[in-house]
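Take a look at the structure set out below.
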Amino acid sequence: MQSDLLASLIAKMRLQREEDRARHNELMNRRDTETVRTNQRALLDKDAKISTIVSTAVKKLKPDQILNVDGSNIQAWDEALGVIAFERFQDKFFYTPEEKAVINTYQEKIARGIIHSSVHPDLMYELIRLKSSAEVYNHLLVKFRVVNRAKHLRAWETLKNINPSDYGSSAEAISAFDRCAKTFVEQGIEFTWDNVVALIFQSNLKDHLRAALDRKVNLFMETRNFQLAASADVLQLWDSDFIENRLAEETRRSDASAMNLTLASGADASVSGPVSGTSSPQDTSEVSVMALNKIPRCYICKKLGHMSSNCPTSRKNKGQPKGTPKIYFMYTKKGCR
């Protein structure tokens with residue numbers, strides 16, 4: 001009897017414990033669900049706040065400061081982005097952080113939203129795969145500021161060719177000049193005397209060295225973080241092209257004036273006739289040797305074709321007979337002639 005009561009009591013206690021555990025689990029699940037909902041609401045509120053901040057910042061951009069799909073206004077976009085970064089993060093260079101710098105996650109989301117909203121929609125696809133706003137910024141600069149000196153030269157030619165007689169009024173002519181000025185600003189070209197001289201020199205060069213100079217100027221700017229080539233830089237690059245071209249010409253002349261040796265086939269080992277002691281008939285084939293010397297160069301008049309001892313402009317050589325001409329020898333088996 002007592003054992004039955006004890007077993008019943010134990011069963012009730014076990015059932016009560018299971019019910020308590022079930023209620024506890026249900027309570028914990030409710031708390032977890034509520035926590036998730038709270039976090040989701042907070043996240044939505046945070047995202048909404050970030051969207052509001054991004055929208056407010058982008059509204060300050062003018063239409064011509066939104067990065068075009070061809071990157072033609074990269075300079076204006078870059079400057080406007082720097083202003084926004086300073087206003088929002090108190091750091092104009094937020095998009096170019098130092099190596100190993102710790103970036104606030106909240107600020108990074110805002111910065112990423114701003115830079116995405118400040119470019120043409122067609123550029124968005126290639127930006128999604130990038131990890132940070134700094135990578136997005138660097139990608140766009142490299143993409144569109146890969147030196148395009150040709151655009152600089154075209155802008156200069158456009159400015160140079162403006163003819164007031166092509167316009168119906170002074171206002172139209174002034175508007176054309178303003179458009180050129182805007183192009184120079186967008187390309188980051190300051191109208192300094194140094195830059196103008198560089199543009200004039202490169203655009204007015206019309207000979208065969210122009211293509212080589214253009215390539216060197218582009219490479220110069222690419223390796224110097226898109227720095228414009230100054231007039232001294234352009235002149236130095238042209239000078240190197242000129243020297244390289246002269247060296248190539250001298251090499252070609254030296255190759256052309258190298259010794260040309262033609263040997264006719266024959267059984268005899270001597271070019272002067274049959275070997276002594278042999279009775280073989282004389283072979284009619286001949287051996288011709290033409291000796292060509294390197295073209296002489298006069299150090300007095302700097303001209304080719306004669307040495308300084310035969311220079312006609314030298315005082316010592318006036319009244320003296322001219323130097324002996326070059327002698328060409330033709331060797332045959334019959335002798336020298």
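Rule-based calculations on the coordinates, nothing more; no lab input. Every value quoted in this text rests on a predicted model; they were computed, and no experiment measured them. Heads up, the Cβs are rebuilt from the backbone with ideal geometry, glycines too, and the neighbour counts pull from every protein chain shown.
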Requested in this report: Go through 167-175, 53-61, 108-116 and give me the packing order, highest mean Cβ count within 10 Å leading.
Outcome: 108-116, 53-61, 167-175
Report task. Select from 81, 50, 96 the residue farthest towards the positive end of the dipole of region 37-136; place +1 on Cβ of Lys and Arg, -1 on Cβ of Asp and Glu, and compute about the Cα centre. Result -> 50
Report task. Pick out, from 202, 139, 164, the residue whose Cα sits farthest towards the positive end of the charge dipole of region 138-230, with +1 on the Cβ of Lys and Arg and -1 on the Cβ of Asp and Glu. Result -> 139
Query - Listed residues 228, 183, 238: farthest to the positive end of the dipole of region 149-253 (Cβ charges) - result: 238
Query raised in the report: Pulled fully out, how much extra length does the chain show between residue 6 and residue 142, if you take 0.36 nm times their separation in residues and subtract their Cα-Cα distance?
Result: 40.6 nm
Report task. Hand me the chymotrypsin sites (Phe, Trp or Tyr not before Pro) from region 25-109 located in a DSSP loop with no more than 16 other Cβ atoms within 10 Å, in residue order please. Result -> 93
Report task. For residue 302 and residue 160, compute 0.36 nm times the residue count separating them, minus their Cα-Cα distance, and round to one decimal in nm. Result -> 47.2 nm
